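**Student:** Dumping the structure here so I can ask a few things about it.
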Amino acid sequence: MTRMERLERLWLAFFCAPTNGESAAVFRVTYGLLAAWQALGIWLNLERFWSDDGLIPYDIVGGDKHQFLTPFFWAPDSRTLLYGMAVVFSLATAALLVGFYPRVATLVVAYVHLSFQYRNPFILNSGDRLFMIVGALAVAVPLGYRFSVDAWLRKLRGRPPLPAPNVWGLRLLQLQLAYVYLNSTLAKLGNTRWRTGLALRDVLSSPVFAEWPMYIDFTPLVRVLTWSTLVFELSFPLFIWFRRARPWVLAAGVMFHIGIDTTMLIPIFSWIMIATCPACLDDEDMARLKSLLRRVLGRRARAAPKEPERVAES
Amino acid sequence: MTDASPTSEQPGADAAGADAGASGPKLYAELGFRDRMLRAAGIAFTLYHLAAVLAGGAIPQVKKVFEPVLGFYSEGLRMTNSWGMFGKPPNTTHVTIEVDTKEGRGLVVSTTKGQGRSPFERVRDTRIRKIQAKLSDEGDRNRFGQAYLDYFCRHPPPGHTEVRVVRATNVLHELRDDDGNVTRAASTRVLFTRRCAGNAPYKSWLPRPPATGRPPPAAPGAEGEL
């Protein structure tokens, strides 16, 4: 085997391993739920944020050299277009959730979101950017292979099953997620406050970002919080690739982001990170997760009939 | 690109793999012409995307080098970003919008504060913090500040008929150093004001769109905040 061939086999093992599409389906649902949340935000603010009568008239953003990419460039005053975009976003979200042409749907979600980003770039945060990137990359994920209307229709029509998909799209999402943490860690390590372990004192005392702003006087606690953030953010891109460590890294990630969302006033970012976590699971992880859920649910089901007996005894 | 197409499940990389069973996907040399092209496209996109992601998160000097090749993908399609995430200590402050109407003075109609608001208001106004806090920056204020305040001229609060003056007020919170000493006392200051009636017809003040295009606003996260 030549060196080139070895390299190619490595590439194929990483990017082209087959998958049963279950983790892609779970990711589709979590991402779809987040898209539904975004759709709600769009409808509640359509006039205020994106119409020409809103906070930002088109003239202010019209000079951006990439505006031509969006329909707003061609009809900036059109209410029909504005509402049409919101309707298309909502329909694509519904299609994504149920798995009806989900790859087309995710592309539409990403494109309409991009258009809204161009129409009003001043309301955006990192979570919005990540939401759009993940949506665009999800085109390469076998979103409709399992647990979807597409799969159900295929079965109903008696068509043969599709050949097993591969993990290419999932890998792109995993790399994206890993890079977010790595880039974030490197940015933090460049700042003295993070290196000395005092950065979270600034963050948690900010009344703009903290849900309950407080100046933490107890420095060891601040250091533990700050450095554990760095340790987690550095661990994720290193250990997410190893099956034994993966469940722990993902569980830590979910807890980390729930913690951020509870204590801080930061929209969407934590949820897009959590919603992308299922894309990190492989087939064996999914099998273990299913068996765990079955055990938990089975235990509950066995425990359930005992309830009436207790009532009767009392 | 539909899910009904067999190759759509195997984008580029494993179009060959219809028979990819226990032996795994075929090597490039074993593929037919069409599958070779698909795999080459898949590999090329993957490498291009990863290069763009790495360059997109790098320092501006590095970004600039790759701009001719990756610029449209990174900034036009917005497929990359830097993820500072409080890499720099947060320095954002609250900004509130107050109006004087025919019926009353100093009514707060919009605030970046999230605390103490109803769940509905929090969901609806979750993005107000980002845009309104930008008014404390002179560049952003010059760019869209007057348009922003003009919106409140045109939309009086419920129960009010005519807005006369709109003010953006910066609420500076107290800052303390690591020894607990106050380094900045809490205070408020009026950032700028807009008179609604008479001398400011709608949009008359708007700048003409530049012929060459304006630079886009800084990417989210670039300043180290979310």
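Every number here is computed from the coordinates shown, using simple stated rules; none is lab data. Quick caveat, the model's predicted, so the values are computed rather than measured. Counting neighbours? That spans all protein chains shown, and the Cβs are built from the backbone with ideal geometry, glycine included.
**Student:** Take the Cα coordinates of segment A:103-175, assign each an equal point scatterer, and use the Debye formula without solvent to give log10 I(q)/I(0) at q = 0.14, 0.28 Å⁻¹.
**Tutor:** Scattering profile of segment A:103-175, log10 relative to I(0): -0.56, -1.21.
**Student:** Next question, about the same structure. I need the trypsin sites (Lys or Arg not before Pro) found in segment B:20-128, filtered to DSSP loop residues with at most 12 other beta carbons within 10 Å of theirs. Intermediate values should be presented prior to the final figure.
**Tutor:** Details: sites: B:Lys26, B:Arg34, B:Arg36, B:Arg39, B:Lys63, B:Lys64, B:Arg78, B:Lys102, B:Arg105, B:Lys113, B:Arg117, B:Arg122, B:Arg124, B:Arg127; in loops: B:Lys26, B:Arg78, B:Lys102, B:Arg105, B:Lys113, B:Arg117, B:Arg127.
Within segment B:20-128, the qualifying trypsin sites (Lys or Arg not before Pro) (loop, at most 12 other Cβ atoms within 10 Å) are B:Lys102, B:Arg105.
**Student:** Could you tell me which of rounded, prolate or oblate describes segment A:182-314, using a ≥ b ≥ c as the square roots of the eigenvalues of the alpha-carbon gyration tensor, with rounded for a/c under 1.5 and, failing that, prolate when a/b is larger than b/c and oblate otherwise?
**Tutor:** Values: a/c = 2.90, a/b = 1.65, b/c = 1.76.
Oblate, because a/c is 1.5 or more while a/b does not exceed b/c.
**Student:** Continuing with this model, one more query. Once the convex hull of the alpha carbons of chain A is built, what does its volume come to per residue, in cubic angstrom?
**Tutor:** Details: hull volume 78.3 nm³, N = 314.
About 249 Å³ per residue, rounded to a whole number.
**Student:** For the charge dipole of segment A:7-139, defined by +1 on Lys and Arg C-beta atoms and -1 on Asp and Glu C-beta atoms about the Cα centroid, which residue among A:Trp11, A:Ser90, A:Asn120 has the Cα displaced farthest towards the positive pole?
**Tutor:** A:Trp11
**Student:** Kyte-Doolittle cut-off -1.0, length cut-off 20 Å along the helix's own axis using Cα: show which whole DSSP H helices in chain A pass.
**Tutor:** On the way: long enough: A:22-45 (35 Å, 0.81); A:79-98 (29 Å, 1.76); A:102-119 (25 Å, 0.52); A:168-189 (31 Å, 0.63); A:219-239 (29 Å, 1.15); A:246-263 (25 Å, 0.76); A:283-303 (30 Å, -0.76).
What comes out of the filter, once short or polar helices are dropped, is A:22-45, A:79-98, A:102-119, A:168-189, A:219-239, A:246-263, A:283-303.
**Student:** Can I ask one more? I want to check the label-to-label distance for B:Arg36 and B:Phe66. Put each point 7 Å from Cα in the C-beta direction and report it in nm to one decimal.
**Tutor:** Distance between label points: 2.9 nm.
**Student:** Using all Cα-Cα distances in segment A:58-208, what percent lands in each 5 angstrom bin from 0 up to the longest?
**Tutor:** Bins of 5 Å from zero give 2, 8, 12, 14, 14, 12, 12, 11, 8, 4, 2, 1, 0 percent of pairs.
**Student:** I would also like to ask the following. Looking at segment A:178-228, which chymotrypsin sites (Phe, Trp or Tyr not before Pro) are DSSP coil and have at most 12 other C-beta atoms within 10 Å of their C-beta?
**Tutor:** Sites meeting the loop and neighbour criteria: A:Phe218.
**Student:** Say we join alpha carbon atoms closer than 10 Å with springs in a Gaussian network model of chain A; which of A:Phe72, A:Phe89, A:Phe131 then has the biggest fluctuation?
**Tutor:** Sorting by GNM fluctuation, first place goes to A:Phe72.
**Student:** Going by how many other Cβ atoms sit within 10 Å of their own, how do A:Trp74, A:Trp271 line up, fewest first?
**Tutor:** Values: A:Trp74 10, A:Trp271 20.
Taking fewest neighbouring Cβ atoms as first place, the list is A:Trp74, A:Trp271.
**Student:** At a 4.7 angstrom Cβ threshold, list every cysteine in the protein assembly as shown that has nobody to pair with, or say none.
**Tutor:** Cysteines of the protein assembly as shown left without a disulfide-compatible partner: A:Cys16, A:Cys277, A:Cys280.
**Student:** Still on this structure: Could you pull out every residue, at least 5 positions away or on a different chain, whose amide H is within less than 5 Å of the one on A:Ile268? Hs are placed 1.01 Å off N in the peptide plane, and Pro or chain starts have none.
**Tutor:** none
**Student:** Cα convex hull of segment B:28-83: how many Å³ per residue? Spell out each step's value before the answer.
**Tutor:** Working: hull volume 5.0 nm³, N = 56.
Measuring per residue, one finds 90 Å³ for the Cα hull of segment B:28-83.
**Student:** Give me, ordered by chain and number, the residues 5 or more places off A:Ala210 or on other chains with an amide H under 5 Å from its own placed amide H.
**Tutor:** Residues meeting the amide H criterion: A:Leu265.
**Student:** Now for a different question. If N is the number of residues in segment B:93-204, what value comes out of its Cα radius of gyration divided by 2.2 N^0.38 Å?
**Tutor:** Working: Rg = 15.5 Å, N = 112, 2.2 N^0.38 = 13.2 Å.
Normalised Rg, Cα atoms only: 1.17.
**Student:** Would you list A:Trp168, A:Trp50, A:Trp37 from fewest to most Cβ contacts within 10 Å? Let's see the in-between values first.
**Tutor:** Working: A:Trp168 24, A:Trp50 21, A:Trp37 18.
Sorted ascending by nearby Cβ count, the order is A:Trp37, A:Trp50, A:Trp168.
**Student:** Sort A:Ile274, A:Ile133, B:Ile128 so the one with the fewest other Cβ atoms within 10 Å of its own Cβ comes first. Before the final figure, lay out each step's value.
**Tutor:** Details: A:Ile274 19, A:Ile133 27, B:Ile128 22.
In order of increasing Cβ crowding within 10 Å: A:Ile274, B:Ile128, A:Ile133.
**Student:** Still on this structure: Apply the Debye scattering formula to the protein assembly as shown, with a single equal point scatterer on each alpha-carbon and no solvent, then give log10 I(q)/I(0) at q = 0.07, 0.10, 0.11, 0.12 Å⁻¹.
**Tutor:** -0.47, -0.91, -1.07, -1.23
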